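Pasting in a structure now, in structure tokens, and then I'll have a few things to ask.
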Amino acid sequence: MIKLTKLKAAKIISTIFVPPTFTILVLPYLVFKYEYLLFQRWAAILIGLTFGFGIQIVTYFYFLRKNKIKSFNESNNKERIIPYLFQIVFYIIGFILLLLSDSIYLIVIFWFTYILNSLALIIINYKWKISSHSIGVAQHFALFFYLSFPLYWLFILLAILIGWARIELNVHDKYQIIAGLALGFILTYLQLNILL
């Protein structure tokens, strides 16, 4: 009975904290803290919700329905490549729209990290299954660490929780989780330091 409860908890955590979830949690914070112009604020939020979350979730459901992927867990690393390619296309469209809407540099550059991190994910994933959930949480931890946001440690707690859930579901082993965390943090932190 306890195992079943742990499994259900792991499924809930894993489903709630898919990488696009962090976009809708973090982008509005960045927009309202750093973007002062009304049009740019709402343009950035709309672009983020559409291309960083909504269309990606709809695409995953489409692939599930068409049996292109078997589950949200994408247990086969080759099965993960097509959804990730679509993810990159959506991020590129979002990036172009953020540039065209004259969004602040911080938001544009952070959005750019989505593209490069996703490319790294695909390249590594072609040979070895790395955790995209871990990359997602570490990427946002790196952002808040870079910005010296005092609650960045909350992302460490989330990383532990998400890592536990992915291992509990037998989707990843601890090395894939750790590799995802390291890759997500290092790549993002380097990009922010170089480009900002």
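Taking a ≥ b ≥ c as the square roots of the eigenvalues of the Cα gyration tensor of the stretch 1-54, is the shape rounded (a/c under 1.5), prolate (a/b larger than b/c) or oblate?
On the way: a/c = 6.41, a/b = 3.29, b/c = 1.95.
Prolate shape, in that a/c is at least 1.5 and a/b is the bigger ratio.
OK, next. Over the chain, what is the relative contact order in percent, taking alpha-carbon pairs closer than 8 angstrom and at least six residues apart? Please report the intermediate quantities before stating the final value.
Details: 221 pairs, mean separation 52.7, N = 196.
In percent, rounded to a whole number, it is 27.
A further question follows. Based on DSSP H runs of at least 4 residues, each adding -39500 (n - 2.57), what is the mean residue ellipticity at 222 nm of the chain after dividing by all its residues, to the nearest 500 deg cm²/dmol?
Numbers: 9 runs with 150 residues, N = 196.
Calculated from helices alone, the mean residue ellipticity at 222 nm is -25500 deg cm²/dmol.
I've got another one for you. Could you check the simple spin-label distance between residue 12 and residue 148, using points 7 Å along Cα→Cβ, in nm with one decimal?
The answer from the label model is 3.8 nm.
What residue among 82, 130, 115 shows peak mean-square fluctuation when the chain is described by a Gaussian network model with Cα springs under 10 Å?
Maximum among the listed residues: 82.
Turning to a different aspect of this structure: Please report the Cα spread of the stretch 102-196 along all three principal axes, rounded to whole Å, starting with the longest.
Ordered largest first, the stretch 102-196 gives principal extents of 42, 31, 19 Å.
Among 132, 103, 148, whose mean-square fluctuation peaks in a Gaussian network model of the chain (Cα, cutoff 10 Å)?
Maximum among the listed residues: 148.
Quick one: Karplus J couplings for the stretch 50-61, per residue in order, coefficients 6.51, -1.76, 1.60, θ = phi - 60°, nearest Hz, x for Gly and Pro?
After applying 6.51 cos²θ - 1.76 cosθ + 1.60, I find 6, 8, x, 9, x, 5, 5, 5, 4, 4, 4, 5 Hz.
Identify all lysines with a Cα-Cα distance to residue 129 below 28 Å; exclude those on the same chain that are fewer than 8 residues away in sequence.
Result set, ordered by chain and number: 3, 6, 8, 11, 66, 68, 70, 78, 174.
Follow-up question, since we're still on this one. Could you give the length gained by full extension between residue 42 and residue 25, i.e. 0.36 nm per residue of separation minus their alpha carbon distance, to one decimal place? Walk me through the intermediate numbers first.
Values: separation 17, 0.36 × 17 = 6.12 nm, distance 1.50 nm.
4.6 nm is the gain from fully extending residue 42 to residue 25.
Can you divide the C-alpha Rg of the stretch 2-195 by 2.2 N^0.38 Å and report the result to two decimal places? Show your work: numbers first, answer last.
Values: Rg = 16.2 Å, N = 194, 2.2 N^0.38 = 16.3 Å.
Its radius of gyration relative to the 2.2 N^0.38 Å reference: 1.00.
Near residue 43, within a Cβ-to-Cβ distance under 15 Å, what is the net charge of the other residues, with Lys and Arg +1 and Asp and Glu -1? Numbers along the way, then the final one.
Working: positive: 41; negative: 35, 102.
So the surrounding residues net to -1.
Among 97, 30, 157, which one shows the biggest mean-square fluctuation in a GNM of the chain, springs joining Cα atoms closer than 10 Å?
Of 97, 30, 157, the most mobile in the Gaussian network model is 157.
How would you rank 9-15, 45-51, highest first, on the average number of other Cβ atoms within 10 Å across their residues?
Working: 9-15: 15.9, 45-51: 19.0.
Result, highest mean Cβ count within 10 Å first: 45-51, 9-15.
Each reported figure results from applying straightforward, stated rules to the coordinates on display, with no laboratory input. From a predicted model like this one, the values you see are computed outputs, not experimental measurements. No Cβ is skipped: glycine too gets one built from the backbone with ideal geometry, and neighbour counts run over all protein chains shown.
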